[in-house]
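Have a look at the structure below, then the notes.
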Amino acid sequence: MNSNYLTKVVFIVDGLNLFHSIINTLGVQNSLIDLEKLCKTIILANEEIESIEYFTSYFKGDSHIAVMQRKFITINKKSNIIKLNLGLLRPRKLRCNFCNNEIHYFKEKYTDVNIAVSLLEKIQDSKLAKIYFLSADKDFAPLIKRINYNYQTLKIIKISLVGRFNSADSTNIHLTRKQLKKCKF
């Protein structure tokens, strides 16, 4: 098909949501998925991907999951259409009021706001007809609903991730295990 007649689309990807979906579905050892190839399994025949905006934070430490996540990001960054947008993982402590023990964990910061800002920037692009949004996060539902209502020429298509949605999920597309398996490096 002549690229002059293809509709331009963009992918906004909530990276930690996607990576958790992949490792929960295929296992850490099979987590190296070709993100561009995966996105191409989603688009319609008359669509062309302009960019894939990948929002994430690097896992801390040298656990097997952290190493595989960094490999996943490194191998996918080689694509010309994937743009990496990094947030932070900040250390947090939680103290038990009964036993006084502390739990140390990390909390992701900036990613959701960066995604929302990107969505707002993308709706200003007059050559875009569609944004595919991959996330399991329901916090974006009001923003997506408002954009879809106010911008009749642009639609945001929500894509639920494997193992991270329920039957009441009102998204437009559900990513499948089969799609993930077909897109392994």
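Please go through segment 75-104 and give me each residue that is in contact with a strand residue (DSSP E or B) (Cβ under 8 Å, 6 or more places away or on another chain), of a type in the set (Val, Ile, Thr) and at pLDDT 90 or above, ordered by number.
Ile81, Ile82, listed by residue number.
Residues checked against (1) modelled with pLDDT of 90 or more; (2) outside any loop (DSSP other than H, G, I, E, B):
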{"residue": "Pro142", "(1), (2)": "no, yes"}
{"residue": "Lys145", "(1), (2)": "no, yes"}
{"residue": "Val162", "(1), (2)": "no, no"}
{"residue": "Phe165", "(1), (2)": "no, no"}
{"residue": "Ala168", "(1), (2)": "no, no"}
{"residue": "Thr171", "(1), (2)": "no, no"}
{"residue": "Leu180", "(1), (2)": "yes, yes"}
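Applying the selection to segment 26-64, what residues are among the aromatic types (Phe, Trp, Tyr) and buried (at least 17 other Cβ atoms within 10 Å of the Cβ)?
If the condition is that a residue be among the aromatic types (Phe, Trp, Tyr) and buried (at least 17 other Cβ atoms within 10 Å of the Cβ), then Tyr54, Phe55, Phe59 are the ones that fit.
Restricting to segment 39-66, name every residue that is touching a residue at least 60 places away in the same chain (Cβ under 8 Å) and more than 13 Å from Val10 (Cα to Cα).
Thr41, Phe55
Which one is farthest from Asp34 (Cα to Cα), of the residues in segment 61-72 that are assigned to a loop (DSSP other than H, G, I, E, B) and among the small types (Gly, Ala, Ser)?
Among those that are assigned to a loop (DSSP other than H, G, I, E, B) and among the small types (Gly, Ala, Ser), it is Gly61.
So which residues in segment 94-137 are within 25 Å of Tyr58 (Cβ to Cβ), exposed (fewer than 12 other Cβ atoms within 10 Å of the Cβ) and charged (D, E, K, R)?
Those that are within 25 Å of Tyr58 (Cβ to Cβ), exposed (fewer than 12 other Cβ atoms within 10 Å of the Cβ) and charged (D, E, K, R): Glu102, Lys107, Glu121.
Could we say that Ile81 is over 18 Å from Phe19 (Cα atoms) and in contact (Cβ under 8 Å) with a residue 24 or more places away in the chain here?
Spelling it out, Ile81 is indeed over 18 Å from Phe19 (Cα atoms) and in contact (Cβ under 8 Å) with a residue 24 or more places away in the chain.
It is to be established whether one or more residues within segment 125-137 are touching a residue at least 24 places away in the same chain (Cβ under 8 Å), among the aromatic types (Phe, Trp, Tyr) and not in a helix (DSSP H, G or I).
Yes - at least one qualifying residue is present in segment 125-137.
Which residues, counting only those in segment 11-60, are among the hydrophobic types (A, V, I, L, M, F, W, C), over 20 Å from His174 (Cβ atoms) and in a strand (DSSP E or B)?
Answer for segment 11-60, where residues must be among the hydrophobic types (A, V, I, L, M, F, W, C), over 20 Å from His174 (Cβ atoms) and in a strand (DSSP E or B): just Phe55.
The values are calculated or read from the model by the stated rules, or taken from the named source; none is laboratory data. Quantities reported herein were computed from a predicted structural model and do not represent experimental measurements. Every residue, glycine among them, receives a Cβ derived from its backbone with ideal geometry; neighbour counts consider all protein chains shown.
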